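Just below is one structure, and these are the notes that go with it.
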Amino acid sequence: MKITVIGAGNVGATCANVIAHKALANQIVLVDIKPGLAEGKALDMWQTASVNIFDTRIIGVTDDYSATEGSEIIVITSGIPRKPGMSRDDLIATNARIVKDVTEKAIRYSPDAIVVVVSNPLDVMTYAAYRAANKHHSKVFGMAGILDAARYKSFIAEKLNTSPRDVQALLLGGHGDTMVPLPRYTSVSGIPVSQLLDSDVVDSIVQKTRQGGGDLVKLIGTSAWYAPGAAAALMVEAIVHDQHRIFSVCAYVNGEYGIRDIYLGVPVKLGRAGVEEVIEIELDEYEKQLLNDSACSVRRLKKTLDDMKLF
Ligand code: APR
């Protein structure tokens, strides 16, 4: 298994590191446009192999896609991150060009690869990668739901003084302020969260989750990487091991939930073939409204992408 990670910055390097630790690939190729960055980080990671006990060969290259030839999975993290005061949407003009460019170059050498997008604004960048890759939408999708759910789970676990791994949760919608956490589908080892926490506490956790990424940007001065990198690696794991896991993934919706022709966070079954199916869960009127609002905001941003006339 050969995996390419494009962008050797904070998220890309973290993702590659987790992939190596989990022994998901024989070879990881890290690509960046900044001379020496991917080579240096790959070398540093490779030099941890005897300490952290893994065999994955990690190499880095500067904008040389021939080294990525024959990759089975391509993870795209290249692009600029948010700075304080910016929304994810502010990144579109720069990142759309980068995502288009790197996808086209990578797919030329690995036409059969599955593409996992992490660059923001995620839902529209995933659409851009889909257009650039010119592949079936089941093979091109994005990472956000696992990250948003992980943040949500961490806040619930903190409140209950329990382990985050016992928290089950699902979030829908775009990766932004309009994301849709679903308290009705949240449980702790099977116990509905409504039996464990008052609804106003859950509401405040939902709000904290929505602004979770932004709060980190304020603290660090750039966007987060440990959780995003690990979340992307979890998707890679589900693909490599053909686990058929059910995650919220930024996937192409073609009529599911009454929404068409955009990428949006929805529950899917994920395995070696990519997105095997989009799962339609039952939503009440309020949840449907939130999901539609989120879809509208993704659609508005997609119009900005369309107006750039890159495709
Ligand atoms: N080709 C390859 N690499 C590129 C290109 C390109 N055309 N353009 C930019 N890059 C690289 C940068 O050189 C940088 O090393 O992408 C990397 C991005 O790394 P960081 O600046 O550290 O950003 P990071 O925090 O990793 O976030 C990357 O993921 O979560 C999202 O919002 C985040 O869009 C952002 C992306």
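Quick notes on this one:
- Segment 86-113 residues that are among the hydroxyl-bearing types (Ser, Thr, Tyr), paired with ones that are part of a helix (DSSP H, G or I) and open to solvent by 10 Å² or more (accessible area, probe 1.4 Å) (beta carbon under 9 Å, 6 or more apart): Ser87/Gly214; Thr103/Tyr130; Thr103/Arg131; Thr103/Ala132; Tyr109/Tyr65; Tyr109/Ser66; Tyr109/Ala67; Ser110/Tyr65
- Considering residues of segment 263-294 that are in contact with a strand residue (DSSP E or B) (Cβ under 6 Å, 6 or more places away or on another chain) and assigned to a helix (DSSP H, G or I) only, the residue farthest from Ala144 (Cα to Cα): Leu290
- Of all residues in segment 105-121 being within 11 Å of the ligand (Cβ to nearest atom) and either open to solvent by 10 Å² or more (accessible area, probe 1.4 Å) or part of a loop (DSSP other than H, G, I, E, B) (or both), the one that is nearest to Pro228 (Cα to Cα): Val118
- Set Leu197, Leu219: member being buried (at least 18 other Cβ atoms within 10 Å of the Cβ) and at pLDDT 95 or above: Leu197
- Wholly within segment 144-249, helices (runs of 4 or more DSSP H) carrying at least 2 residues that are in contact (Cβ under 8 Å) with a residue 60 or more places away in the chain: 145-160, 212-220, 226-240
- Residues considered: Arg165, Arg151, Arg131. Of these, the only one that is open to solvent by less than 50 Å² (accessible area, probe 1.4 Å) and out of contact with any strand residue (DSSP E or B) (no Cβ under 8 Å at 6 or more places or on another chain) is Arg151.
- Check on Gln195, assigned by TED's automatic domain parsing to the domain that holds Val249, touching a Gly at 6+ places or on another chain (Cβ under 9 Å) and not basic (Lys, Arg): no
- Per-region count, segment 1-16, residues more than 8 Å from the ligand (Cβ to nearest atom), closer than 22 Å to Glu104 by Cβ and surrounded by fewer than 24 Cβ atoms within 10 Å (Cβ to Cβ): 1
- Ser50 more than 12 Å from the ligand (Cβ to nearest atom), open to solvent by 50 Å² or more (accessible area, probe 1.4 Å) and touching a residue at least 40 places away in the same chain (Cβ under 8 Å): no
- Qualifying positions in segment 17-39 - more than 16 Å from the ligand (Cβ to nearest atom), out of contact with any Ser or Thr (no Cβ under 6 Å at 6 or more places or on another chain) and of a type outside the set (S, T, N, Q): His21, Lys22, Ala23, Leu24
The values are calculated or read from the model by the stated rules, or taken from the named source; none is laboratory data. Since the model is a prediction, treat every value here as computed from it, not as a measurement. Positions of Cβ are generated from backbone atoms using ideal geometry, with glycine treated the same way; all protein chains shown enter the neighbour counts. The accessibility values were calculated without ligands, DNA or RNA, using every heavy atom of the protein model including side chains. Shrake-Rupley method; radii C 1.70, N 1.55, O 1.52, S 1.80 Å.
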